[in-house]
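To start, the structure itself, in structure tokens.
The values are calculated or read from the model by the stated rules, or taken from the named source; none is laboratory data. Note that the coordinates shown come from a computational prediction; the quantities given were computed from them, not determined experimentally. Neighbour counts are summed over all protein chains in view; Cβ atoms, including those assigned to glycine, are modelled from backbone coordinates with ideal geometry.
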Amino acid sequence: MLKKTPFHERTAALCESHSWRRWAGHVVASSYELSHEREYHCIRAAAALFDISPLYKYSIRGRDAARLLDRVTTRDVSRSQVGQVLYTGWCDGAGKLLDDGTVARLGEDAFLMTAADPNLRWLQDNAVGLEVEVEDISESVGALSLQGPQSRRILEALGELPALKYFRRADTKLRGMPVSVSRTGYTGDLGYEIWVSRDNALPLWDALMQAGRGHGIMPAGMLALDMARIEAGLMLLDVDYVSARKALIESQTSSPYEMDLAWTVDLSKPSFVGKSSLEEEARRGPQWRFVGIEVDWSSLERLYAEVGLATRVPQAAWRMSVPLYASEQAGYATSGGWSPVLKKYIALAHLRAEWAAPGTALEMEITVEHRRLRAAARVVKKPFFDPERKRA
Amino acid sequence: MTRYDVIVIGGGHNGLVCAAYLARAGRKVLVLERRERVGGAAMSEEVFPGFRFSVFSYVVSLLRPEIIRDLELPRYGLHILPLESTLTPLPNGDYLAQWSDHDQNRRELARHSLRDAEAYDEFGLVLHHMARAIKPLLAVAPPDPTSLRREQLFDLFQLRTYFKDLGTKRFHALHKLLTMSAADYLDEWFETEALKATKSASGIIGTMLGPRSPGTAYVLLHHYMGELDGVFRAWGFARGGNGSVSAAIAASAQARGTEIRTSSPVSNVIVRSGKVRGVVLEGGEEIEADLVVSGADPRRTFLGLVGEQHLPGELVESIRRFRFRGSSAKVNLALGELPEFTCLPGRGPHLRGATSISPSVDYLERAYDDAKYGEISRRPYMDIVIPSMLDPAMAPPGKHVMSIFVQYAPYHLNGGWTDAKREALGDAVVDTLSEYAPNLKGAILHRQVVTPADIERIVGLSEGNIFQGELSLQQMFFLRPAPAWSRYRTPIRGLYQCGSGTHPGGGVMGASGRNAAFAVLGEPP
Amino acid sequence: MTAVVIGAGVDALVAARLLSRSHSVTVLHDENPAEERGWVPPPVRTVLKNIAVNDEEPDRWAVAPLPQGGRLELWRDMGRSVDSIHRVSERDAARWPDFCARMARLARFLERIYLDAPPDPLGVRFAVRARLLGKEGLVDLMRLLPMPIAELLDDWFENDTLKGILGAAGIMGLRQGPRSGGTAFLFLHHHVGSPPGVFPPPRTTVVSETDAQKKKVQRILVNEGRARGVVLAVGTEIAADLVISALHPQRTLLELVDPVWLDPELVRAIRHIRSRAPAFTTFVDAPSLDHLERAHDASKYGTEGITALSPVAELTLDQALWMRPVPELAHYRTPIKGLWLCGPSMHPGPGILGASGYNAARAALRG
């Protein structure tokens, strides 16, 4: 049996499509309506409500809490401020990514960490010799993500919303229910994530849906989220990279540098897991880069026209390995799709460093009428879509 | 009179595999089986009217996929049905289940320990790598490190290169796995007692060692070996029982021209001037052949069929000290209804999988303590399957057969095996199991208890050892069955060995039979 | 150049003496030097000149009562042992000299390996050395290493008392019974340094009266991945270019060093070093293998799991030679530059007095 999230009673009633998928052992909606299209547009034009409870959540408390996180992650956690949220990856001893997530500082000695995979054992094993308590609170805390230009107004309608800057968090009450709100998300838009105890999950859902009615709120599923996160250039574990914990061979692993996360690696910290390997890599430069790819529309159109068809684009974001070519194979895309807001065919890709500069002309493999062909594409800067409201 | 190129002694699965490969290569092969049917310990029988049992070996875990493909076994009736889960009932009324679905398994493990749920995948990955490292070694004739012959030195050098290429990290991991105890190895990974116990149980099967004895960790690998061949569930049950594995191999061999004579016990191998000339049957009939392959265990082959007078003293000495010490028994039950486990009532999917009575490592260790001083385990380790849940034809409609593998039941029992001791073993098994499934006693229609002494008497395995000799490190690889004679050859020219008592040995794997066939043919496998 | 050696035993003493030729050495310890017994290899003896080394070599090394009355006595003198065994088993007496010769050959093989850092098991040098054992010797070695001592003795002998006496050497210092795998290796280990036919571990005592200062080390200073010295419990800092610790590796690396300097995988491996209390810490004259086995039965259900920081890492095959105490540390070197390990938890292990100190100091001086 799969697990159900604290919001399942509501999401199940709303899921007209009966289209479900697995996420971290839970059952979650792929889309609520028969097509995910409206859900996507709500993210960019109104407000979309996602059940993100399957995320793994760890409470890290104690005198050495910051030291533990400094040891494990690549960011300088000690220097973060109370109320700040850090996005970070963490590595094994060889400097290869194990996972990525956020670290929120709740107090001097208290943090909340989110992760895509279970990490309790890793955190505990790294806590040897430290005065710190790591607790898995994944099951006891429900999480919702409210994303879209209307999201702030909806929250304001429910209570005292502190003026939160991008990647900040605060405890507050929504309709009298104690919650934590962080200005974070996985869509690259204005949005919030709300953390609530399991008992208050359903009332919170109801309150948000009710308050959001006038602002065009819709529950949204994973298909809509996937497209939005690609537009935002955000990577996904098990899709865009393989955790060093699960990789069968070394070439399947990726370092933070190879995933375009150099900005999250603080080599000035005295030591952290993987530091020496990352220092070495920083010196010689990464061999791979994680980049944005834009497929050339006219090239695509031509390939279809040759067989007498109008151009087709993927209906939903895809997740697979697609070869990219320069003079030889230059890399591979790992997720992509047709961006409804940009009207562009975009993808996220691993490229060998020599072909990774923005503007580099490439070819991407596509299948047209059972034949494998190559469409012209080029390297572009991420994120593909970056509205001002995200940070404003 | 027909002239045969090769005589294979013993129609067990390895003998049949060997014969089939030889026939495939165009040899005229005769298989001589002592009993009235082939199969050896891989045999199905309607023990009670309407109830069919895999009387001895009962699961297919390691049968080499290349054998299934090469010999076209599915064409001859082989269908392996996967066992989906392992249920370990616990004395406190709870249980631990291991499921084949990743999410379901993680959820269940997390109920016992969040750390273990996480460690499980990493553990699987490490063993996957180890299984990959070991796998190529299963298909080779192990070189003798003491030999100075050129081809042996060459093979040794290749072996060294192979280990070097593994990298030091994996080599050390392999070293640990080969030398540690299952209990210590699992202690490094897990904290849930029932999980450690159930996993370590695979390390003690067929041995006279406890889970805390170094040398028992290696067998943990076997569970992961199957995955490398694209089989996602390593353990399975052959439709029709394990006899259908033998039957399929026999049919495949016959289709390739092999002749099989049952009820034809061989009394001895004819040796003249250091060379094999054929065999003599117990009835006195002589059958000539220049090549003879023995599927019997090393003790019966060398000390029985060949005779000490034809063998170098060193080899005789090695075979004498080759350890058998059978330690496992089988209890086969015909049931009027399904067992109802207190911990998980109802007809759930757990009944389609295995049930393991292994609540803690201490429990297994205590079972071993009884046996090492010559007694039956008062509370034995058991591995239970209900084949009729997967193949309803094994029992009359609505009724069931239950197959219980039991350890420890030492061959060298104080006072020897008697009918009373056999029934005492049966009672210990039923009593222990009834603690977890109270309706069992009332459900039993018939009971068959097979002791190591019975296995020896019926199947001919010395001391009832199911692997034709213990699978301990000092009896493996180039030491199996004896130094310098691990490559399926013998000091008698033309005489080969193909049983589980040779490398790699153990389980219904067939690798020994296949490797031996290639040794006879003088080709690499 | 300055060096700090931490520890009170012979290993620390030997390491300090070797280092003192080129370094100014401070030896620190927080426990009184225990009297250590074992075998002092010749090169160590040379280093220990002017230190009291007391050899104890009793002529009669075992006396065990026989169930039928009388006693089985084993002697340094092969002939006298054979006579004594002859009274209980003609067959065993006939086999005794051959058994002793074959065990001695294997022990000498180990002895050579013990006077250097652990060999590379896939190296040519090791292969050549092993082949020099000859065919019989090599088969003996490979077969014997993973074996239970009980099986080895069953292969050779029939008398229970004789097997009991010998079996004790296979489990001394180890939480295993004689029917457990790997105990034949321990039997050989304890035979190293003894003449053929003498199986109790050597009992030479070293009274390590040293110039060591009795000061408790609080932690080892590490900076940018390099050991810089130590801090004493009283707060004093002692700077050093080289630190050699003879303490248990768990104590050194998990307590004295901030584990942040170590790869978490290595920390995990170090935490898993097994150092459990054995049923017997000394050589006993056991009447039978069952007697030893039952003594072990009583100890093995102890509720304590992996007891951290017991005196010595168990000498099992997965914690021996190039695996001792974990493969990453087997060459005395740690991932922290300038920090080295020695002591009985390192190769070659307990009872080979000073060898690890000797090997580690030489490795450290080579850098």
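Would it be correct to say that A:F290 is touching a helix residue (DSSP H, G or I) at 6+ places or on another chain (Cβ under 6 Å), closer than 16 Å to A:S255 by Cα and surrounded by 16 or more Cβ atoms within 10 Å (Cβ to Cβ)?
no
Among the residues of the stretch B:455-473, what is the count of those that are at pLDDT below 90 and part of a helix (DSSP H, G or I)?
1
Those residues that are over 20 Å from B:S403 (Cβ atoms), surrounded by fewer than 20 Cβ atoms within 10 Å (Cβ to Cβ) and in contact with a helix residue (DSSP H, G or I) (Cβ under 7 Å, 6 or more places away or on another chain), I need them from the stretch B:351-363; list them, please.
B:S360
For the stretch B:172-189, state whether one or more residues are acidic (D, E) and either in contact with a strand residue (DSSP E or B) (Cβ under 7 Å, 6 or more places away or on another chain) or more than 8 Å from chain C (Cβ to nearest Cβ) (or both).
Taking every residue of the stretch B:172-189 in turn, none turns out to be acidic (D, E) and either in contact with a strand residue (DSSP E or B) (Cβ under 7 Å, 6 or more places away or on another chain) or more than 8 Å from chain C (Cβ to nearest Cβ) (or both).
Return yes or no: is A:V181 assigned to a strand (DSSP E or B), touching a strand residue (DSSP E or B) at 6+ places or on another chain (Cβ under 7 Å) and free of Cβ contacts under 8 Å to residues at least 40 places away in the same chain?
yes
Give the residue, chosen from B:D144, B:D155, B:D116, that is away from chain A (no Cβ under 14 Å) and touching a residue at least 24 places away in the same chain (Cβ under 8 Å).
B:D144
Of the numbered conditions (1) touching a Leu at 6+ places or on another chain (Cβ under 8 Å); (2) modelled with pLDDT of 95 or more, C:A93 satisfies every one except a single condition; which is it?
(1)
If I go through the stretch B:482-492 residue by residue, how many of them are buried (at least 22 other Cβ atoms within 10 Å of the Cβ) and either outside any loop (DSSP other than H, G, I, E, B) or within 12 Å of chain C (Cβ to nearest Cβ) (or both)?
3
It is to be established whether one or more residues within the stretch B:92-104 are in a helix (DSSP H, G or I), within 14 Å of chain A (Cβ to nearest Cβ) and over 28 Å from the mean Cα position of the chain (by Cα).
Checking the stretch B:92-104: at least one residue is in a helix (DSSP H, G or I), within 14 Å of chain A (Cβ to nearest Cβ) and over 28 Å from the mean Cα position of the chain (by Cα).
Matching residues to (1) within 30 Å of C:E111 (Cα to Cα); (2) of a type in the set (F, W, Y); (3) surrounded by 21 or more Cβ atoms within 10 Å (Cβ to Cβ); (4) within 18 Å of the chain's Cα centre (by Cα):
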{"position": "C:V198", "(1), (2), (3), (4)": "yes, no, yes, yes"}
{"position": "C:T205", "(1), (2), (3), (4)": "yes, no, no, yes"}
{"position": "C:V222", "(1), (2), (3), (4)": "no, no, yes, no"}
{"position": "C:A227", "(1), (2), (3), (4)": "no, no, yes, no"}
{"position": "C:D241", "(1), (2), (3), (4)": "no, no, no, no"}
{"position": "C:S245", "(1), (2), (3), (4)": "yes, no, yes, yes"}
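Report every pair of residues separated by at least 6 positions or lying on different chains whose Cβ atoms are under 6 Å apart, first residue within the stretch C:129-149 and facing another protein chain (nearest Cβ under 8 Å) and at pLDDT 95 or above, second crowded, with 21+ Cβ neighbours inside 10 Å and not in a helix (DSSP H, G or I).
C:P148/C:R179; C:P148/C:S180; C:P148/C:G181
Does any residue of the stretch C:8-21 turn out to be small (G, A, S), crowded, with 22+ Cβ neighbours inside 10 Å and in a loop (DSSP other than H, G, I, E, B)?
The answer is yes; a qualifying residue exists.
Given the structure, is B:G348 closer than 30 Å to B:A197 by Cβ, within 13 Å of another protein chain (Cβ to nearest Cβ), at pLDDT below 95 and surrounded by fewer than 24 Cβ atoms within 10 Å (Cβ to Cβ)?
yes
All but one of (1) part of a helix (DSSP H, G or I); (2) in contact with a helix residue (DSSP H, G or I) (Cβ under 7 Å, 6 or more places away or on another chain); (3) of a type in the set (G, A, S) hold for A:S277; which doesn't?
(2)
Looking at the stretch A:52-104, which of its residues are away from chain C (no Cβ under 14 Å), in contact with a Pro (Cβ under 8 Å, 6 or more places away or on another chain) and in a strand (DSSP E or B)?
Within the stretch A:52-104, A:Y56, A:G89, A:L97 qualify.
Checking the conditions here, which among B:R299, B:R256, B:R277 is at pLDDT 95 or above, touching a helix residue (DSSP H, G or I) at 6+ places or on another chain (Cβ under 9 Å) and over 19 Å from B:A19 (Cβ atoms)?
Only one candidate passes the filter, namely B:R299.
Go through A:R71, A:R67, A:R79, A:R61 for me and flag whichever is under 30 Å from A:N126 (Cβ atoms) and surrounded by 23 or more Cβ atoms within 10 Å (Cβ to Cβ).
Matching residue, one of A:R71, A:R67, A:R79, A:R61: A:R71.
Does B:F190 satisfy the criteria of being in a loop (DSSP other than H, G, I, E, B) and either surrounded by 18 or more Cβ atoms within 10 Å (Cβ to Cβ) or touching a Leu at 6+ places or on another chain (Cβ under 8 Å) (or both)?
So B:F190 passes the test.
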